[in-house]
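Throughout, read-outs are computed from the coordinates displayed, never taken from laboratory work. This is a predicted model, so every value here is computed, not measured. Ideal geometry is used to build each Cβ from the backbone, glycine not excepted, and the neighbour counts take in all protein chains shown.
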Amino acid sequence: MIGVGVRGIGVLAPGLPGWPAARRVLAGEEPYRATEAAEPRPDALPPNERRRGVRTVRWAIAAAQEALAASGAAPADAASVFATSSGDGETLVQILEALAQPAHEVSPTRFHNSVHNAASGYWSIAAGARRAAVTLCAYDASFAAALLEAAALVQSGERNVPLVAYDIPYPPPLAAVRPIREPVAVALVLGAEADAPALALWRIALEAEPATIAAMPIPELASNPAARALPLLAGVARGESADVRLALPGECTLVVATRP
């Protein structure tokens with residue numbers, strides 16, 4: 001088993017404009033209200049990058065900023081893990097529309113925003129990060145795969161590892177084949193179990209058996225793969241001990257035992 005401490009949390013979703021609001025909802029102190037989330041304008045991005053950055057970039061970096069600020073960790077010194085199941089769908093649609101025209105002209109800005117590690121690259125610029133940055137995809141299991149990767153980095157000696165999971169709805173016509181209804185970005189800063197203080201302690205293990213999807217505390221966000229972090233965050237919000245099982249590719253299960 002791998003032990004990690006959760007040192008900071010960032011959340012951005014409809015009705016969850018940051019971890020303090022999300023904590024109250026997940027703890028059952030307030031009802032969930034699906035109010036539209038204000039579009040973030042993360043001040044960590046320099047003006048040029050803020051103009052060029054697409055919606056997925058802005059959401060990912062806003063969540064990462066909140067988690068890092070809460071943890072007190074220095075962003076420039078942190079290795080990071082980013083995860084998105086679908087990349088930036090708006091950019092993909094724009095490129096496909098451009099390629100369907102006679103001139104086939106794709107702008108350089110659209111091209112560099114189309115790569116899967118675009119948000120990680122913008123984060124490296126914004127935070128002045130000099131450490132390794134991993135960007136991965138495991139379709140609907142992307143958050144679980146990223147959690148395993150981040151925990152392994154902590155186990156290998158990294159002191160504070162930002163984990164950022166995010167997905168934004170696709171525009172038509174791709175929305176019909178990839179129906180993500182609401183945008184969600186979640187960020188965690190994970191550190192060594194022995195380093196205090198921490199919001200919660202997690203013990204993470206692998207099982208070679210398929211898992212059912214953990215019950216979603218906010219069903220309205222269940223279509224977004226990044227929201228699969230919410231069952232874990234509910235345990236943190238309530239200060240309860242719980243075992244959460246997350247599906248991984250290859251019919252494996254990530255078992256997270258959370259302790260206050």
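Descriptive notes on the structure:
- Evaluation of Met216 against (1) of a type in the set (A, V, I, L, M, F, W, C); (2) in contact (Cβ under 8 Å) with a residue 24 or more places away in the chain; (3) part of a loop (DSSP other than H, G, I, E, B); (4) over 17 Å from Ile9 (Cα atoms) (one fails), failing number: (2)
- Residues of the range 62-87 that are within 14 Å of the chain's Cα centre (by Cα) and closer than 22 Å to Ala198 by Cα: Ala62, Ala63, Ala64, Gln65, Glu66, Ala67, Leu68, Ser80, Val81, Phe82.
- Checked against (1) part of a loop (DSSP other than H, G, I, E, B); (2) of a type in the set (Gly, Ala, Ser); (3) in contact with a Pro (Cβ under 9 Å, 6 or more places away or on another chain), Gly87 passes all but condition (3).
- When residues of the range 124-139 are limited to those that are touching a Leu at 6+ places or on another chain (Cβ under 9 Å) and closer than 16 Å to Ala64 by Cβ, the one surrounded by the most Cβ atoms within 10 Å (Cβ to Cβ): Ala127
- For the range 7-20, the tally of residues that are of a type in the set (A, V, I, L, M, F, W, C) and either surrounded by fewer than 16 Cβ atoms within 10 Å (Cβ to Cβ) or touching a Gly at 6+ places or on another chain (Cβ under 8 Å) (or both) stands at 3.
- Residues of the range 91-130 classified as touching a His at 6+ places or on another chain (Cβ under 9 Å) and within 21 Å of Leu174 (Cα to Cα), total: 2
- Residue in the range 140-154 that is surrounded by fewer than 16 Cβ atoms within 10 Å (Cβ to Cβ) and part of a loop (DSSP other than H, G, I, E, B) present: no
- Of all the listed residues (Ala247, Ala205, Ala165), the sole one being among the hydrophobic types (A, V, I, L, M, F, W, C) and surrounded by fewer than 17 Cβ atoms within 10 Å (Cβ to Cβ) is Ala205.
- Scanning the range 39-73 for residues that are outside any helix (DSSP H, G or I) and free of Cβ contacts under 8 Å to residues at least 24 places away in the same chain returns Glu39, Arg41, Asp43.
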